[in-house]
Amino acid sequence: MLKSNNSRRDVLKLASAATFASLAPSSKSFAQAAGNVVVIGGGFGGATTAKYLRRAGVNVTLIDAGANFITCPFSNTVLGGFGEMAQVTHSWDGLRRAGVTVINGTVTGIDATAKRITVQGNTTPIAYDRLVVSPGIDFKFSGTGSIQGYDEAASEKMPHAWKAGPQTELLRRQLIAMDDGGVVIMAIPNNPFRCPPGPYERASLIAHYLKTSKPRSKIILLDAKDTFSKQALFQAAWTQLYPGMIEWVSFSQGGNVARVDTNTMTVYTDFGQHKGNVVNVIPPQRAGRVVDLANLATGDFCQVNPQTFESRTVPNIHVIGDACVAGAMPKSGFSASNQGKVTAAAIVALLRGQQPTAPSMINVCYSLINPDYGISVASVHRIGDDGTIIAVPGSGGNSPAMATPEFRKQEADYARGWYASMANEIWG
């Protein structure tokens with residue numbers, strides 16, 4: 001664990017320097033390369049890949065079903081009452097200015113043999129030399145591992161808000177409408193899922209809203225795990241800022257949610273039941289369903305070569321971000337963006353007939369406890385001797401356990417700066 005503010009900054013600077021020096025657009029790996037690449041998904045991973053490939057002279061077409069992209073990172077501030085949806089909504093204009101062809105549409109077919117993509121409403125297939133698939137996550141609404149009674153229709157009463165947008169706004173409206181003294185229940189899935197610290201940041205920021213507007217209310221976290229990311233930091237902050245408001249029920253204490261009833265707003269665990277005024281169910285997750293069009297998934301997610309993020313099952317297709325299995329790298333926006341840079345560099349090398357270099361990657365994840373209280377975790381990753389992505393020992397860690405209010409506020413400011421910088425680099 002990092003011991004001081006200075007050591008933490010040193011780690012982040014060194015990690016950033018190591019990663020971005022090897023991936024910078026002016027480096028040898030980004031010499032001009034000819035080819036046509038299609039990218040499916042315009043989030044942190046896909047948009048980063050598209051932008052960096054275009055800088056290398058590759059013809060890039062990005063396909064996304066959305067009229068814009070709404071980030072899950074910082075969407076919890078909307079639930080906390082101090083963020084706006086406009087702040088987490090990004091247009092495709094920046095990518096178009098960078099020379100990326102952006103198509104708004106739903107991919108309906110992937111012909112991996114002919115290297116063709118079919119988009120709903122388009123009569124002419126789109127050809128590619130390399131395909132990058134970065135669709136994020138979808139939810140397991142049925143089958144093994146799903147929550148009985150929780151499907152897409154149920155999410156209109158018990159929102160997941162784990163894809164930011166209308167669901168975020170729905171959950172926010174429910175919190176506003178809830179009477180003081182109400183109970184908010186959150187169902188949190190087992191690993192792996194998008195953004196491991198995200199549910200606990202969400203609980204913190206909902207608690208911030210309730211503390212200022214409905215102080216007699218309570219939050220119950222029903223968790224399918226016995227531990228979680230940045231746990232000691234979150235729980236210490238809850239004790240300090242929201243005493244008695246947040247109750248965490250671990251898996252071994254009966255926190256695993258097995259069934260829900262939207263008519264009675266009741267959540268059933270393995271050992272009991274809980275009734276809420278507002279119920280936020282974050283369901284078990286899998287790779288975005290577009291991967292099924294090319295049989296890219298092995299189980300719920302996609303196995304990839306960690307040096308290039310090329311699929312281990314289908315050649316010439318790369319899978320990045322939340323949809324892939326990336327070893328020790330968590331499913332985060334920062335991870336996806338780093339993977340996008342690595343994939344862009346690898347594709348440029350492959351198009352030029354060269355061998356891609358082994359990557360070094362980093363992850364930085366900030367969480368807000370309230371607008372002036374931030375915590376973070378950082379790590380550096382490389383390919384280990386076993387051929388998987390590992391965390392470099394001693395390369396990162398959490399925010400210090402004992403820190404001044406000024407330090408926590410500084411981390412909250414860093415979080416806002418991190419988000420603004422990332423958004424500008426990717427979609428600006």
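The values are calculated or read from the model by the stated rules, or taken from the named source; none is laboratory data. Treat the numbers as computed from the prediction; the structure is a model and nothing was measured. Please note: Cβ atoms are built from the backbone with ideal geometry, for glycine as well, and neighbour counts cover all protein chains shown.
Taking the range 402-427 as the range and being small (Gly, Ala, Ser) and either at pLDDT below 95 or in a helix (DSSP H, G or I) (or both) as the test, the residues that pass are Ala412, Ala415, Gly417, Ala420, Ser421, Ala423.
In the range 215-230 there is no residue matching the filter, namely being touching a residue at least 60 places away in the same chain (Cβ under 8 Å) and not in a loop (DSSP other than H, G, I, E, B). Closer than 20 Å to Phe334 by Cβ, charged (D, E, K, R) and in a helix (DSSP H, G or I), is that true of Glu169? Considered against the rule, which asks whether it is closer than 20 Å to Phe334 by Cβ, charged (D, E, K, R) and in a helix (DSSP H, G or I), Glu169 comes out as no. Any residue at all in the range 331-338 that's closer than 20 Å to Thr71 by Cα, under 22 Å from the mean Cα position of the chain (by Cα) and surrounded by fewer than 23 Cβ atoms within 10 Å (Cβ to Cβ)? Within the range 331-338, one or more residues are closer than 20 Å to Thr71 by Cα, under 22 Å from the mean Cα position of the chain (by Cα) and surrounded by fewer than 23 Cβ atoms within 10 Å (Cβ to Cβ). Every condition in (1) surrounded by fewer than 18 Cβ atoms within 10 Å (Cβ to Cβ); (2) outside any helix (DSSP H, G or I); (3) modelled with pLDDT of 95 or more is met by Ser142 except one, and the failing one is (3).
Here's the yes/no breakdown for (1) over 23 Å from the mean Cα position of the chain (by Cα); (2) at pLDDT below 95; (3) within 30 Å of Gln231 (Cα to Cα):
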{"position": "Leu2", "(1), (2), (3)": "yes, yes, yes"}
{"position": "Ser7", "(1), (2), (3)": "yes, yes, yes"}
{"position": "Leu14", "(1), (2), (3)": "yes, yes, yes"}
{"position": "Gly45", "(1), (2), (3)": "no, no, yes"}
{"position": "Thr49", "(1), (2), (3)": "no, no, no"}
{"position": "Phe74", "(1), (2), (3)": "no, no, yes"}
{"position": "Ser91", "(1), (2), (3)": "no, no, no"}
{"position": "Ile103", "(1), (2), (3)": "no, no, no"}
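The residue pairs whose first member lies in the range 257-277 and is in contact (Cβ under 8 Å) with a residue 40 or more places away in the chain, whose second member is polar (S, T, N, Q) and surrounded by 14 or more Cβ atoms within 10 Å (Cβ to Cβ), and whose beta carbons are closer than 6 Å, counting only pairs six or more residues apart or on different chains, are Val257/Thr269; Thr269/Asn256; Lys275/Thr266. Highlighted here are the helices (runs of 4 or more DSSP H) found entirely within the range 32-124 that include at least 2 residues which are touching a strand residue (DSSP E or B) at 6+ places or on another chain (Cβ under 8 Å), crowded, with 22+ Cβ neighbours inside 10 Å and of a type in the set (Gly, Ala, Ser): 44-55. Do we have Pro393 as assigned to a loop (DSSP other than H, G, I, E, B) and under 16 Å from Pro306 (Cβ atoms) here? In short, no. Selection of the range 377-410 for residues being in contact (Cβ under 8 Å) with a residue 24 or more places away in the chain and among the hydroxyl-bearing types (Ser, Thr, Tyr) yields Ser379, Thr388, Ser395, Ser399. If you filter the range 146-177 down to residues that are under 19 Å from Ala207 (Cβ atoms) and of a type in the set (S, T, N, Q), you find that the one that is farthest from the chain's Cα centre (by Cα) is Gln174.
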